[in-house]
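I have placed the structure first, in the form of structure tokens, so that the comments after it can refer back to it.
Read the figures in this text as sums done on the coordinates, not as results from a lab. Please read all numbers here as calculations on a predicted model, not as lab measurements. Quick reminder, even Gly has a Cβ in these numbers, built from the backbone with ideal geometry, and neighbours come from all protein chains shown.
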Protein chains: 2
Amino acid sequence: MEGRKLGQLRVEPGQPIVAEGLQDDRLYTVLEGWAIRSKSLPDGRRQILNVLLPGDLLGLQGELMGAAQHGVEAVTRVNLCAFRRDTFLALAQADPSLGLDIAWLSALSERFSDDILLSVGRRTAMERVAMLLVHLHRRAASAGLAENGTIAFPLTQPHIADALGLSTVHINRVLQALRRQGLIRLAEGRLAIGDLRALRRVAAYWEQPAPQRPLL
Amino acid sequence: MEGRKLGQLRVEPGQPIVAEGLQDDRLYTVLEGWAIRSKSLPDGRRQILNVLLPGDLLGLQGELMGAAQHGVEAVTRVNLCAFRRDTFLALAQADPSLGLDIAWLSALSERFSDDILLSVGRRTAMERVAMLLVHLHRRAASAGLAENGTIAFPLTQPHIADALGLSTVHINRVLQALRRQGLIRLAEGRLAIGDLRALRRVAAYWEQPAPQRPLL
DNA sequence: CGTTGATTTGAGTAAGATCAAGTCGGGTGG
DNA sequence: CCACCCGACTTGATCTTACTCAAATCAACG
């Protein structure tokens with residue numbers, strides 16, 4: 001799809017990429033930076049649905065259906081690569097496997113959603129936080145963002161709270177407990193995991209088979 | 001795809017359709033009955049990810065990626081139509097628009113997931129229950145299951161609890177409150193909504209634009 | 001019948017929310 | 001350059017929502 005690039009987009013921290021309820025006929029790839037996809041209630045309560053890291057595709061979920069049902073916001077400075085949705089669709093007409101690629105990506109992201117829903121619905125606060133940190137550390141590392149085991153971690157405690165359905169005050173206390181137990185180091189925007197095995201145990205998490213694409 | 005049908009499958013209430021962690025190389029369509037897709041923690045806590053109604057497709061999410069990361073279980077007696085995944089893939093090779101159809105379906109189901117995550121993460125118990133009932137009533141009605149405003153409602157209170165991340169005891173009290181306020185009638189496996197407007201207000205929900213397929 | 005699971009109700013408890021206040025750092029405007 | 005402001009982070013105290021435990025009723029079923 002490289003040739004079909006519509007343009008590149010730079011968004012500053014805290015700025016919206018896609019506004020909730022607005023139509024946007026583009027698809028994006030995150031080239032650099034962190035972003036969040038979220039949805040809010042009329043009174044302001046917010047749920048973060050997804051954390052977007054470099055390499056992630058944006059615009060498949062709701063945007064295939066007209067107006068976005070969620071907002072997307074930059075956490076750090078974000079660089080995006082934009083495509084027009086219709087050229088993308090034309091492309092999919094020409095190349096059948098592209099549609100399947102898309103379906104596979106949706107399946108992958110749905111699996112993440114399932115895990116998050118399990119966390120938010122059934123895990124305790126400490127389990128949720130441990131889970132999120134393990135998950136993000138792994139994703140960031142596999143996106144090539146790790147430097148000797150630590151990753152840049154731009155999410156604030158309010159972000160974590162909104163991602164996990166908890167209050168910021170409680171997030172703060174849980175993080176401190178995890179630090180006290182030596183399970184994580186999290187300071188100055190960097191995260192290191194002290195004891196991955198133990199942190200996984202805290203998260204009531206066990207390794208899932210790596211996603212492999214069995215198709216084709 | 002009609003010609004590619006592999007066979008029909010009947011599953012009794014409470015029986016598994018897909019076991020958690022098992023490989024299954026089929027795709028299914030629900031012809032009749034209710035089923036749930038769920039995921040569990042090692043200690044038994046369970047989260048229902050999804051309620052499947054007639055017309056729903058099953059097997060797109062995790063199954064595209066090898067072993068299922070979740071279980072699927074019949075709630076009522078369920079009739080399924082089974083396809084082999086590989087013939088499906090071959091078909092998608094031949095007809096590009098099928099891949100896009102699949103992508104669109106994934107997008108739709110992801111939008112449902114987003115709503116559920118918002119509920120579980122940020123709504124109160126009463127809001128969650130109201131939301132779920134409105135949502136299921138609408139889906140069941142649009143699947144043609146409504147009879148003068150009421151639908152068969154086979155989910156038990158433990159089911160609702162596991163879908164919303166609450167305890168069964170609490171679900172019971174919330175349901176009674178909703179009944180007392182005349183917002184719902186729920187008895188003997190049938191659900192009627194007394195005052196949809198009010199129930200939506202309780203759910204902190206406002207109408208979303210109906211999903212339309214803008215593709216092609 | 002006896003068992004099993006759903007539903008209901010009451011009583012006590014706990015996880016996490018809310019309220020409040022203070023610290024710190026970065027950014028802005030005077 | 002400095003005063004101010006804002007948001008993130010932190011800590012303590014209190015409160016509430018929803019959980020846990022327990023027990024009774026009921027219907028379905030073998």
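Give me B:S106, B:S119, A:S167, B:S38 ranked fewest to most by other Cβ atoms within 10 Å of their Cβ, as a rough exposure proxy. Before the final figure, lay out the partial values.
Numbers: B:S106 25, B:S119 29, A:S167 14, B:S38 21.
The most exposed by this proxy come first: A:S167, B:S38, B:S106, B:S119.
Only Lys, Arg, Asp and Glu carry charge here, each on its Cβ (+1 for the first two, -1 for the last two); on that basis chain A has a dipole of about 780 debye about its Cα centre.
Projecting each Cα onto the charge dipole of chain B (Lys/Arg +1, Asp/Glu -1 at the beta carbon, about the Cα centre), which of B:N79, B:Y28, B:Q176 comes out farthest on the positive side? After comparing all options, I get B:Q176. Remark: label point of B:A90 defined 7 Å out from Cα along the Cα-Cβ vector; separations to the same position in other copies 3.3 nm, ascending.
Placing a label point 7 Å from Cα along the Cα-to-Cβ direction at A:G194 gives distances to the equivalent points in the other copies of 5.4 nm, listed shortest first. Relative to one another, the C-alpha centroids of segment A:70-93 and segment A:124-160 are positioned 24 Å apart.
For n ≥ 4 DSSP H runs only, could you compute -39500 (n - 2.57) per run for the protein assembly as shown, divide by its residues and tell me the 222 nm figure to the nearest 500? Don't skip to the end; give the middle numbers.
Details: 12 runs with 166 residues, N = 432.
It comes out at -12500 deg cm²/dmol, rounded to the nearest 500.
For A:Q181, the label point sits 7 Å beyond Cα toward Cβ; its separations from the matching points on the remaining copies run 3.8 nm, from shortest to longest. Dipole magnitude for the protein assembly as shown: computed about the Cα centre from +1 point charges on Lys and Arg Cβ and -1 point charges on Asp and Glu Cβ, it is near 1260 debye.
What order do you get for B:D25, B:D162 when you list them from fewest to most C-beta neighbours inside 10 Å?
Lowest count first: B:D25, B:D162.
Taking one equal scatterer on every alpha-carbon of chain A, how large is log10 of I(q)/I(0) by Debye at q = 0.12, 0.17, 0.18 1/Å? For chain A, the Cα-only Debye profile gives -0.68, -1.31, -1.44. Relative contact order, whole percent, for chain A stands at 21, derived from Cα pairs under 8 Å and 6 or more residues apart. Ordering B:H70, A:H159, B:H170 from the fewest to the most neighbouring beta carbons within 10 Å gives B:H170, A:H159, B:H70. Rounded if a/c is under 1.5, else prolate if a/b is larger than b/c, else oblate: which is the protein assembly as shown, with a ≥ b ≥ c the root eigenvalues of its Cα gyration tensor? In terms of gyration-tensor shape, rounded.
Residue and distance for the chain B Cβ closest to the axis that moves B onto A, in whole Å, come to B:G99, 1. Within chain A, the longest segment free of exposed loop sites, counting trypsin sites (Lys or Arg not before Pro) that fall outside DSSP classes H, G, I, E and B and have at most 16 other Cβ atoms within 10 Å, spans A:78-216.
Rounded, prolate or oblate: pick one for segment B:113-202, where a ≥ b ≥ c are the square roots of the eigenvalues of its C-alpha gyration tensor, a/c under 1.5 means rounded, and failing that, prolate if a/b is larger than b/c, else oblate.
Numbers: a/c = 1.42, a/b = 1.28, b/c = 1.11.
In terms of gyration-tensor shape, rounded.
Residues whose amide H comes within less than 5 Å of that of B:N50, counting only those at least five positions distant or on another chain, are B:R37 (H built at 1.01 Å from N in the peptide plane).
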